[in-house]
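K.L.:
Once you've had a glance at the structure underneath, I'll fire off some questions.
The values are calculated or read from the model by the stated rules, or taken from the named source; none is laboratory data. Just so you know, these numbers come straight off a predicted model, no measurement behind them. Reconstructed Cβ throughout: ideal geometry from the backbone, glycine too, with neighbour counts over all protein chains shown. Each accessible area value is taken on the protein alone, full model and side chains, heavy atoms only, with ligands, DNA and RNA left out. Shrake-Rupley method; radii C 1.70, N 1.55, O 1.52, S 1.80 Å.
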Amino acid sequence: MGANRIYNIIAIILIFMGVLLAVYPVVGYYSLIHIKSPHAVLKPGNRFVYAGYYPFFNLVMIYNMTYMENGKFEVNFTLCNQSGNESVIYPLYSTYRSGQIIGNLSPIFRKTLILPTNDSLIRTLFPHGQVTVHALNYSKTVKLTERKYPFSFDFSPNSVGFPVIYVPDLQGNLSKKVDLIAYYRSDDRYFARTLVIIGRNAHLRYPSMISGLPTHVPIGVTPEQLDMPKFIPAELVPNGSWSYVERFPTITVLSLLKTNVRPSSQNWLGAFEASFTQFSAPLDYVFILAGIFLLILAGRSGR
């Protein structure tokens, strides 16, 4: 076997390996997860788990939600104390410890409710295309639009794939304040990726905040929108008062922890580009460039 033929074979193998490294995250997710998963929120048996950590109060709340045959959601709510180090929530789309809560949790309260699809919690977590956002006495219902800043889609080939991220369509300076109010799109509805829960009475605790409304205060959803007062008795919240809790500008961030539903709106082209230029690089470049170099050597040795 001539040297140029050996060079050609090795070059083809190296180029193939470089291309495989770049495309496997996308092709692997599509063939192993995406086509085998449901893509609609309102399908019996579909499950969503959301979790949020109260940094001020050392509390973790978990919503475990299942859509049932009767067209309603069964919501199992758990409130936990955390002991030792602070709990860390790694949401479903995280590239590290995806879908986990790390920390010592001790459940202190549980409650189960059956909620219709027109309940405030369901409408906020799974909207049709509009969501109501708040900032102190500022309130507006806006449509959801594709996010442009700081990035437009997630790259999580082991869980949700490469879904387009949708955020409230706010203009001007407000547009950059809703990064953590984010949704994915399914076949029938949107479902929440992250939600900032804010206190609408924060100006009572921090009077200077009111002068910056609405550009210098947090924008998010309220505890009432997520049925928190309905699930959590007042005696279990700090100072035994929801009015006290709502004096904190940011109460918590609620994140998607687990679901069997996969977003239907995926940025496939962007995923290939990101995989090739960022997540597989520079190893894919090394293989491809080495292969091209060997092809050049093979061409010269064949003269």
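K.L.:
If you place +1 on the Cβ of every Lys and Arg, -1 on the Cβ of every Asp and Glu, and leave all else neutral, what size is the dipole of segment 1-159 about its Cα centre, to the nearest 20 Debye?
P.N.:
Details: 13 positive and 6 negative charges, 43 e Å.
Taking the Cα centre of segment 1-159 as origin, the dipole is about 200 debye.
K.L.:
Excluding ligands and nucleic acids, what accessible area in Å² is computed for Tyr7 using a 1.4 Å probe, to the nearest 10?
P.N.:
Counting only protein heavy atoms, the figure is 80 Å².
K.L.:
Using only Cα atoms and rounding to the nearest 10 degrees, what angle (0 to 90) does helix 3-32 make with the longest principal axis of the chain?
P.N.:
So the helix axis and the longest Cα principal axis differ by about 20 degrees.
K.L.:
Now for a separate question. What would the Debye formula give as log10 I(q)/I(0) at q = 0.10, 0.11, 0.16 Å⁻¹ for the alpha-carbon point model of segment 12-154, no solvent?
P.N.:
Taken in order of the listed q values, log10 I(q)/I(0) reads -0.54, -0.64, -1.19.
K.L.:
What's the ranking of 162-171, 147-156 by average number of surrounding C-beta atoms within 10 Å, highest first? Write out the running numbers ahead of the final one.
P.N.:
Details: 162-171: 20.7, 147-156: 16.0.
The packing order, highest mean first, is 162-171, 147-156.
K.L.:
Where the centre of each part is set by its Cα atoms, how far does segment 106-161 sit from segment 25-50, in angstrom?
P.N.:
Answer, in whole Å: 18.
K.L.:
Mind checking which of Leu236, Ile10, His34 is farthest towards the positive end of the chain's charge dipole, using Cβ charges of +1 (Lys, Arg) and -1 (Asp, Glu) about the Cα centre?
P.N.:
Working it through, the farthest residue towards the positive pole turns out to be Ile10.
K.L.:
Please list the equivalent ellipsoid semi-axes of the chain, computed as the square roots of five times the alpha-carbon gyration tensor eigenvalues, in descending order and whole angstrom.
P.N.:
Details: eigenvalues 415, 90, 68 Å².
Output for the chain: semi-axes of 46, 21, 18 Å.
K.L.:
Quick one: with all protein chains in place, what share of the accessible area of the chain is carbon or sulfur, to the nearest percent (1.4 Å probe)?
P.N.:
Working: 8140 of 14590 Å².
Carbon plus sulfur share of accessible area: 56 percent.
K.L.:
Could you work out the helix-only [θ] at 222 nm for the chain, with each DSSP H run of four or more residues adding -39,500 (n - 2.57) and the total divided by the number of residues, to the nearest 500 deg cm²/dmol?
P.N.:
Numbers: 7 runs with 74 residues, N = 303.
Rounded to the nearest 500, it is -7500 deg cm²/dmol.
K.L.:
Over all distinct Cα pairs, what is the inverse of the mean 1/r for segment 1-59, reported as the Kirkwood hydrodynamic radius in Å?
P.N.:
Working: mean 1/r = 0.0603 Å⁻¹.
The Cα-based Kirkwood calculation yields 16.6 Å.
K.L.:
Return the aspartates and glutamates within reach of Lys36: Cα separation strictly under 19 angstrom, same-chain partners fewer than 8 residues apart disregarded; answer none if there are no such residues.
P.N.:
Straight-line reach from Lys36, under 19 Å: Asp187, Asp188.
K.L.:
How much of Glu86 can a 1.4 Å solvent probe reach, expressed as accessible area in Å² and rounded to 10?
P.N.:
120
K.L.:
Quote the charge dipole size of the chain about the Cα centre in Debye, to the nearest 20; the model charges only the Cβ of Lys and Arg (+1) and of Asp and Glu (-1). Walk me through the intermediate numbers first.
P.N.:
On the way: 26 positive and 16 negative charges, 78 e Å.
In total the dipole reaches around 380 debye.
K.L.:
Measuring with a 1.4 Å probe in the full set of protein chains, what accessible area per residue, in whole Å², belongs to the chain? Please list the in-between numbers first.
P.N.:
On the way: 14590 Å² over 303 residues.
With all protein chains present, the chain gives 48 Å² per residue.
K.L.:
Cα-based count: Lys pairs in segment 46-160 below 29 Å, eight or more positions apart or different chains?
P.N.:
Within segment 46-160, the lysine pair count is 4.
K.L.:
Still on this structure, please answer the following. Projecting each Cα onto the charge dipole of the chain (Lys/Arg +1, Asp/Glu -1 at the beta carbon, about the Cα centre), which of Asn81, Ser255, Val160 comes out farthest on the positive side?
P.N.:
In the chain, that residue is Val160.
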